[in-house]
Structure formats: structure tokens, C-alpha cells
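Since the structure comes first, as C-alpha cells, the remarks are kept for the end.
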Amino acid sequence: MTVKISGTGSALPEKTVTNFDMAKLVDTSDEWIRERTGIAERRISTKDTVSTLAAKACQAALENAGASAEEVELIIVATCSPELLLPCCACQVQSVIGAPHAVAFDINAACSGFLFALNTAYAYMNTGLYKNALIVGSEVLSKLVDWSDRSTCVLFGDGAGAAYIQTVKDEEALCENGRHSGIESIVQGSDGSKGMVLSCGERGVSNPFANDSEQPSKYIHMDGQEVYKFATRQVPACISEALNKAGIGVDDVDKFVLHQANVRIIESVAKRLKADISKFPMNLDRVGNMSSATIPVLLDELNRSGQLKRGDRLVLSGFGAGLTYGASVIVW
Ligand code: UT7
């Protein structure tokens, strides 16, 4: 038995905000943002929420897989920007798409969230507990951003991506090139001791019995250079570990689908791995950093534009707040 991705979907808000629009809000320029990040524009929600985007992405993924919501057994939404604390986004999605038989819950591993959701679903499915799952990364980061802080507000965008994964027999997973569709290796890690280099507060302790306590900032705060150093060190290290675990080398990989935070980070990872940069598809110029949604949205773009063939070997890798990081080797 193996677990393969049978369909993908994504949903982006309609409104495009360019770097020129950003320069009207804060002291920045198209040139600075492009040179330092690679971002030219991002999508910003004017009405969509994390759950409405997630539900649209799930419906598209089910359609792409030729599956119905009725048969879905597990829904995991990765998000760090839900519109409600209760109920969780995955239960909202379950209700909207009509998946009454699914178990639904959220996880928060920030930008590594989609990867952690994939790995969690994979672990459940490997035990035989569930035969399929919808896994989703969905974010409306625009409501967590301080729109007067130029060092963060230019980086992020809103959107959602989803994948429908299924358990299939080995013979059904056999591809023309002799590889088997499925997950070949997983590496994931966390370093909570460095958590405050990328943080965003919610409500602090507040009740009739508490002394007045300082309330945390409700906006994203980031030490960009620390995150940059962490990403350029940890991402190539965990990709190398995942490749070792799968018993393969960099040259055996067809595409590296990385978290889209900064083109310079992706270029640095490619250089450290001694991998050809043309194997690193990117869309951050058009959508910015959408945290947990970046990997599934890019995966969906590749899938729908015919850039993925069954049997292609992909490395998915993410990093972000927590700090968290991970890499998975999969055969499409
Ligand atoms: O999903 C994970 C989330 N985060 C990341 O992956 C972020 C990782 N880090 C980065 O991508 C980069 O560190 C940034 C893009 C955030 C910043 O780039 P940098 O090259 O590290 O710039 P910096 O923070 O060193 O700032 C350089 C200068 C500063 O001015 P001074 O002090 O040299 O006068 C900043 O104030 O650029 C200034 N600056 C800006 N200038 C124009 C910061 N933001 C902007 C801006 N426009 N938007």
C-alpha cells in the first residue's frame, strides 16, 4: 500500500496588490521589494476568509481527483490565521463542502503547516485508520500584518491550496518510469527556543482573577535576518537528510517545491545542494508568501499547467514560525 496525491486545488482572493500599491502605503519601492524578495505582487482578501478559501481549494482538489466530498474520511487544515478560534477551520470546511463522514481538525505549524498536515495524514493512513484525506494550507495573513511596518507588510499574501490523498495498492501506484507514486521519506523538526524571531500574539491572560497583564501584539513581528539565516541553513540540511533517507541523490529529483518566502532563500538552497535552479519552480513574484498555502498553491499550479508527470520525483520543503521545518520526498 502507498499514499498518493490524487488531486490538487487552490483558491486566491481576487484583489491583486502590486509593489507600487504598497509604495503608496509605506516607505518602500518596487525595486527594493523585487531585489530583496522577488515579490512583485500579492493577492489580498477583501471578503474571503480562511475557511471560504480553504473550502474552495478543497472542492477544486476533489474535482481534480474525481472524488466526492461524501467519501472524505479526514480533513486537516493547516493555518495560523483562522477567522475563529472555535470551531476549527477544518470543521467549517467539512460543513461547507458536505463531508459528513470526515474527522476534521486544524494544525498550526505556520509555513511548514501543509507539509506537517501531509505527514500527519500519511501517518494516520499508514496505520490503516483512514483511506483518504483532504489536506489544506489556508491563510489570510493580511489581517495579522501591521500595514505600517514596511519590513513585514510587503512580504505576505492570502490564499489556500489543497491536496486530496488516497491509499492505493502498490500495483495501482506503478508509473511508466518504474517508480511508485507515493511518499518516499519524511523529515520534520522544530526549534521552539527560537520561536520569538517570528511571532504574532493572540489574547493574553485576562479574567476577573488575573492581575492586569501585558497583552501581546496582535501583529506579525519578525527578525527577518534571523529567519533568513535559519532557512538557508536548515532547509538544505533537512532536504539532504530526506534524500539520504530515501536512498537517492539531488540528481534523482525532478522538482524542488519549496516554501515561497524569498527568491534569495530558494537560490541559496539550490546553491548549497548543488542543484540546478531550473528545478525550483517559483510563483512568489505573483502571490508573495502565503505561509502554509504556498506549497499547495504552487503544487496545484504545476499540476494544472501539465508540469507534473506521474513518476516525477518531487521534494517538498518548508520552514517558518515555531521555528519549524521539514522536507518530504514524494513521487507524483
Ligand atoms: O515564511 C517565513 C517568513 N519569513 C521569511 O522567510 C523572511 C526571511 N528574511 C527575509 O526574507 C529578509 O530578511 C527580508 C526580505 C525580510 C529583509 O531583507 P534584508 O536584506 O534582510 O533587509 P534588512 O532587514 O537587513 O533591511 C535592510 C534595510 C533596512 O534599512 P537600514 O537599516 O539599512 O537603513 C531596513 O529598514 O532595508 C530597510 N527595509 C526596507 N526598505 C524599503 C526593510 N523593509 C523595507 C522595505 N522597503 N519594504
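Among (1) buried (at least 21 other Cβ atoms within 10 Å of the Cβ); (2) farther than 25 Å from Glu184 by Cα, there is one condition Ile266 misses while meeting the rest; what is its number?
Result: Ile266 passes all but (2).
Name the single residue, out of those in region 17-38 being among the hydrophobic types (A, V, I, L, M, F, W, C) and more than 9 Å from the ligand (Cβ to nearest atom), that is nearest to Asn289 (Cα to Cα).
Within region 17-38, the match that is nearest to Asn289 (Cα to Cα) is Val17.
Quick check on Val103: is it under 22 Å from Arg304 (Cβ atoms), of a type outside the set (S, T, N, Q) and modelled with pLDDT of 95 or more?
No; evaluated as a whole, the condition is false for this residue.
List, please: which pairs have Cβ atoms under 8 Å, are six or more places apart or on different chains, and start with a residue in region 86-109 that is at positive phi and end with one that is assigned to a helix (DSSP H, G or I) and surrounded by fewer than 17 Cβ atoms within 10 Å (Cβ to Cβ)?
Gly98/Glu70
For residues that are of a type in the set (A, V, I, L, M, F, W, C) and within 17 Å of Ala261 (Cα to Cα), scanning just region 39-57, find the one that is farthest from the ligand (Cβ to nearest atom).
Restricting to residues being of a type in the set (A, V, I, L, M, F, W, C) and within 17 Å of Ala261 (Cα to Cα), the top hit is Ile44.
Which residue is nearest to Asp106 (Cα to Cα), if the candidates are limited to region 251-309 and must be among the β-branched types (Val, Ile, Thr) and away from the ligand (no atom under 16 Å from the Cβ)? Walk me through it before giving the result.
Just the residues of region 251-309 that are among the β-branched types (Val, Ile, Thr), to begin with: 253, 257, 263, 265-266, 269, 277, 287, 294-295, 297.
With the extra rule that they be away from the ligand (no atom under 16 Å from the Cβ), the set shrinks to 253, 277.
Values: Val253: 30, Ile277: 33 Å.
Step by step, filter region 251-309, then rank; the result is Val253.
If a residue must be part of a loop (DSSP other than H, G, I, E, B) and buried (at least 24 other Cβ atoms within 10 Å of the Cβ), how many such residues does region 250-263 contain? Give the derivation first.
First, pick out the residues of region 250-263 that are part of a loop (DSSP other than H, G, I, E, B): 253-254, 259-262.
So of that shortlist, the ones also buried (at least 24 other Cβ atoms within 10 Å of the Cβ) come out as 259-261.
Of the residues in region 250-263, 3 are part of a loop (DSSP other than H, G, I, E, B) and buried (at least 24 other Cβ atoms within 10 Å of the Cβ).
Can you name every one of the strands (runs of 3 or more DSSP E) wholly within region 58-162 that holds 2 or more residues which are within 15 Å of the ligand (Cβ to nearest atom)?
132-140
Counting only residues that are over 20 Å from the mean Cα position of the chain (by Cα) and under 30 Å from Ser6 (Cα atoms), which one in region 177-233 is surrounded by the most Cβ atoms within 10 Å (Cβ to Cβ)?
Ser181
The values are calculated or read from the model by the stated rules, or taken from the named source; none is laboratory data. A quick note: this is a predicted structure, and the numbers were derived from the prediction, not measured. Neighbour counts run over all protein chains shown; Cβ positions are idealised from the backbone, glycine included.
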